Amino acid sequence: MTDTTFRSPNKKGKIAVFISGRGSNFMALHDSIKKGYINAGITVVFSNKKNAPGLQIAQDRNLEILYLRPKNYESREDYDMAIAKELRSRDIDLICLAGYMRILTAEFCREFKHRIINIHPALLPSFTGLHVQQKAIDWGVRFSGATVHFVIPDVDMGPIITQAVVPVLQKDTEDTLSARILKEEHKIYPEAVRLYFEGRLEVRDRRVLILDSLFKS
Ligand code: GAR
């Protein structure tokens, strides 16, 4: 057996949600928090896109929103350092990438190791990158789905927390498959974050173990 490398905290967590677009996964997380399903609060919703529809929704829900203009920074490193500073000042426990379409720098990933998770609309490690629902259709796979995983510098390659399987139908278009996968995303993302703040995720090398509630400390 390998050494335990990380155990998620059992506490009321402070979350930063990162979005670039419509924000339906952000809403699913927020709704689950409001229902008491997740022991956490959303401290800030951050975006790299000023007009991301999800930012407006966050504002309407009286959450703090933060936008930093990428063009104001000389490099990706500088941009991510500015984000990191904002997060440090808010004492963020977990960053939930929810349709955040900008690759994080290795330095940022290292600083927040085991404190960044992402949702991806495919069964990783198959179909990384963009337009992955269309890639799944074109490849002819019978099943695709969604993956929640820890974020490491290698894009879409971090340890997998949970997955949901969705059949690919012969008549599927990118839109119909995306819609069915999205429904599952809205279930498994809150579930993963709940487990995280129940102190039930243990990362051992590439594997994430889900600890039984009996072992909660
Ligand atoms: C979701 O399908 C999410 O899995 C995907 O973007 C969509 C965002 O939708 N993320 C990625 O492709 C990341 N590689 P949302 O803004 O409605 O949550």
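Taken together, the values in this text are just the output of simple stated rules run on the coordinates, not laboratory data. All of these numbers come straight from a predicted model, not from anything done at the bench. Every residue, glycine among them, receives a Cβ derived from its backbone with ideal geometry; neighbour counts consider all protein chains shown.
The set of residues in region 152-167 being within 13 Å of Phe6 (Cβ to Cβ) and among the aliphatic types (A, V, I, L, M) consists of Ile152, Ile161.
I'd like to check something: does region 134-146 contain any residue that is in contact (Cβ under 8 Å) with a residue 60 or more places away in the chain and more than 15 Å from Leu201 (Cβ to Cβ)?
Residues of region 134-146 that are in contact (Cβ under 8 Å) with a residue 60 or more places away in the chain, as a first pass: none.
Taking every residue of region 134-146 in turn, none turns out to be in contact (Cβ under 8 Å) with a residue 60 or more places away in the chain and more than 15 Å from Leu201 (Cβ to Cβ).
If only residues of region 12-60 that are of a type in the set (D, E, K, R), part of a loop (DSSP other than H, G, I, E, B) and within 15 Å of the ligand (Cβ to nearest atom) are counted, the one that is surrounded by the most Cβ atoms within 10 Å (Cβ to Cβ) is Lys49. When Leu104, Leu124 are checked against the criterion of being within 13 Å of the chain's Cα centre (by Cα), buried (at least 18 other Cβ atoms within 10 Å of the Cβ), within 12 Å of the ligand (Cβ to nearest atom) and aliphatic (A, V, I, L, M), Leu104 stands alone in meeting it.
Residues checked against (1) out of contact with any strand residue (DSSP E or B) (no Cβ under 6 Å at 6 or more places or on another chain); (2) not in a helix (DSSP H, G or I):
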| site | (1), (2) |
| --- | --- |
| Val141 | yes, yes |
| Ile152 | yes, yes |
| Ala164 | no, yes |
| Asp175 | yes, no |
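Residue check: is Thr4 among the β-branched types (Val, Ile, Thr) and part of a loop (DSSP other than H, G, I, E, B)? Taking the combined requirement at face value, the residue satisfies it. Do we have any residue at all in region 190-200 that's in contact (Cβ under 8 Å) with a residue 24 or more places away in the chain, more than 16 Å from the ligand (Cβ to nearest atom), buried (at least 19 other Cβ atoms within 10 Å of the Cβ) and under 13 Å from the mean Cα position of the chain (by Cα)? For region 190-200, residues in contact (Cβ under 8 Å) with a residue 24 or more places away in the chain, more than 16 Å from the ligand (Cβ to nearest atom), buried (at least 19 other Cβ atoms within 10 Å of the Cβ) and under 13 Å from the mean Cα position of the chain (by Cα): present. Of all residue pairs spaced 6 or more apart or on separate chains, those with beta-carbon atoms under 7 Å, a first member in region 99-112 that is small (Gly, Ala, Ser) and a second member that is more than 10 Å from the ligand (Cβ to nearest atom) are Ala106/Pro153.
Just a yes or no: is a residue in region 133-145 within 28 Å of Gly13 (Cβ to Cβ) and within 14 Å of the ligand (Cβ to nearest atom)? Yes: one or more hits.
Pairing residues of region 20-39 that are at negative phi and among the hydroxyl-bearing types (Ser, Thr, Tyr) with residues that are in a helix (DSSP H, G or I) and near the ligand (Cβ under 8 Å from one of its atoms), at Cβ distances under 9 Å and at least 6 apart in sequence or on separate chains, gives Ser20/Gly54; Ser24/Gly54; Ser24/Leu182; Ser24/Glu185.
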